[in-house]
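J.: Would you mind keeping the following structure in view while I ask a few things?
The values are calculated or read from the model by the stated rules, or taken from the named source; none is laboratory data. Since we're looking at a predicted model, the values are computed, not measured. Using ideal geometry, Cβ is built from the backbone for each residue, glycine included, and neighbour counts are taken over all protein chains shown.
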Ligand SMILES: NC(=O)c1ccc[n+]([C@@H]2O[C@H](COP(=O)([O-])OP(=O)(O)OC[C@H]3O[C@@H](n4cnc5c(N)ncnc54)[C@H](OP(=O)(O)O)[C@@H]3O)[C@@H](O)[C@H]2O)c1
């Protein structure tokens, strides 16, 4: 039997990859037809759906229980991508809601997305420097294609019910090292320039990040700087059979954007 999968966030980085990798089994759920902030708006789209790839792009988790109840009324399975950006619902609390949903469930906890390097595109196009704070901060940059590959296995295969998959990229790289790698792939010198927090805040705003996110991001970087470096997992390889793609690979896949 073919699994019919509804994909939320299908226009986003991860959802687009899930759509591509699922091919015929996928049905996109556009925001104009179903707004995650309004659970009742999902009903029509859930008919004859077996599984749902669910992201939570909202800053509040208020509607998540309602969305899960709506999914559970129609579908059998949910694969949920946890988000650290939900102000009023921690990742543990999101996970607990998924566990209690009555659905067959899989939770994906992803490390920092490699796509965050896109924040630097303006600076990289304009010169040879990337200016920011916490250049020494090590992050396990994860390719969106790997998140999608794990999600697709969990959406369509067996043996993933009740699993919390902690995904990371294959190595920890400081922000300064990421900038150097981008330069190497693009074939031109690029270097990190360390800024104090106040100047870095201005730079992030100039780079186009929303005001509501800039302080959240800098606070998160400050907190991560005082913690041990992220632990690399082999979950991508275990679930998909292929090792996690490197940050260098991500840059090569996205070189045209820089
Ligand atoms: N960046 C990281 O390091 C990181 C790490 C872990 C988890 N995450 C989380 O992973 C998730 C997916 O990331 P991504 O990069 O694929 O996201 P993205 O590229 O920003 O895309 C977000 C998607 O969500 C849709 N969306 C936004 N508001 C919606 C609403 N009210 N109802 C329905 N759909 C809505 C957008 O649709 P439109 O096209 O209509 O806007 C878009 O398809 C995010 O929730 C993010 O917080 C990120």
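J.: Which condition number in (1) farther than 16 Å from residue 153 by Cβ; (2) within 10 Å of the ligand (Cβ to nearest atom); (3) touching a strand residue (DSSP E or B) at 6+ places or on another chain (Cβ under 7 Å) is the one that residue 16 fails?
T.: Of everything listed in (1) farther than 16 Å from residue 153 by Cβ; (2) within 10 Å of the ligand (Cβ to nearest atom); (3) touching a strand residue (DSSP E or B) at 6+ places or on another chain (Cβ under 7 Å), residue 16 misses just condition (3).
J.: Which residues, taken from the range 113-138, are buried (at least 19 other Cβ atoms within 10 Å of the Cβ) and within 27 Å of residue 157 (Cβ to Cβ)?
T.: Residue satisfying the conditions is 114 alone.
J.: Is there any pair with a first residue in the range 21-33 that is assigned by TED's automatic domain parsing to the domain that holds residue 53 and a second that is at pLDDT below 80 and surrounded by 13 or more Cβ atoms within 10 Å (Cβ to Cβ) whose Cβ atoms are under 8 Å apart and which are 6 or more apart or on different chains, and what are they?
T.: Here the result reads 25/3, each pair linking the range 21-33 to a residue that is at pLDDT below 80 and surrounded by 13 or more Cβ atoms within 10 Å (Cβ to Cβ).
J.: Suppose we keep only residues that are near the ligand (Cβ under 8 Å from one of its atoms) and crowded, with 16+ Cβ neighbours inside 10 Å within the range 19-34. Which one would you say is nearest to residue 77 (Cα to Cα)?
T.: Taking the range 19-34 first, the residues near the ligand (Cβ under 8 Å from one of its atoms) are 29-32, 34.
Filter once more, so that each one left must be crowded, with 16+ Cβ neighbours inside 10 Å: 29, 34.
Numbers: 29: 16, 34: 18 Å.
Step by step, filter the range 19-34, then rank; the result is 29.
J.: Select from the range 35-57 the residues that are out of contact with any strand residue (DSSP E or B) (no Cβ under 6 Å at 6 or more places or on another chain) and within 6 Å of the ligand (Cβ to nearest atom) and list them in ascending order.
T.: In the first step, residues of the range 35-57 are kept if they are out of contact with any strand residue (DSSP E or B) (no Cβ under 6 Å at 6 or more places or on another chain); the result is 35-44, 46-48, 50, 56-57.
Matches in the range 35-57: 35, 36, 37, 56, 57.
J.: Here is a follow-up. Looking at (1) at positive phi; (2) in contact (Cβ under 8 Å) with a residue 24 or more places away in the chain, which one does residue 159 not meet, given that it meets all the others?
T.: Result: residue 159 fails condition (2) only.
Table: residues versus (1) part of a helix (DSSP H, G or I); (2) out of contact with any strand residue (DSSP E or B) (no Cβ under 7 Å at 6 or more places or on another chain); (3) farther than 28 Å from residue 11 by Cβ.
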| residue | (1), (2), (3) |
| --- | --- |
| 88 | no, yes, no |
| 97 | yes, yes, no |
| 101 | no, no, no |
| 109 | no, no, no |
| 135 | no, no, yes |
| 146 | yes, no, no |
| 155 | yes, no, no |
| 158 | no, yes, yes |
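Results for (1) surrounded by 14 or more Cβ atoms within 10 Å (Cβ to Cβ); (2) over 30 Å from residue 219 (Cα atoms); (3) touching a helix residue (DSSP H, G or I) at 6+ places or on another chain (Cβ under 8 Å), shown as yes or no for each residue.
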position: 10; (1), (2), (3): yes, no, yes
position: 40; (1), (2), (3): no, yes, yes
position: 49; (1), (2), (3): yes, yes, yes
position: 55; (1), (2), (3): yes, no, yes
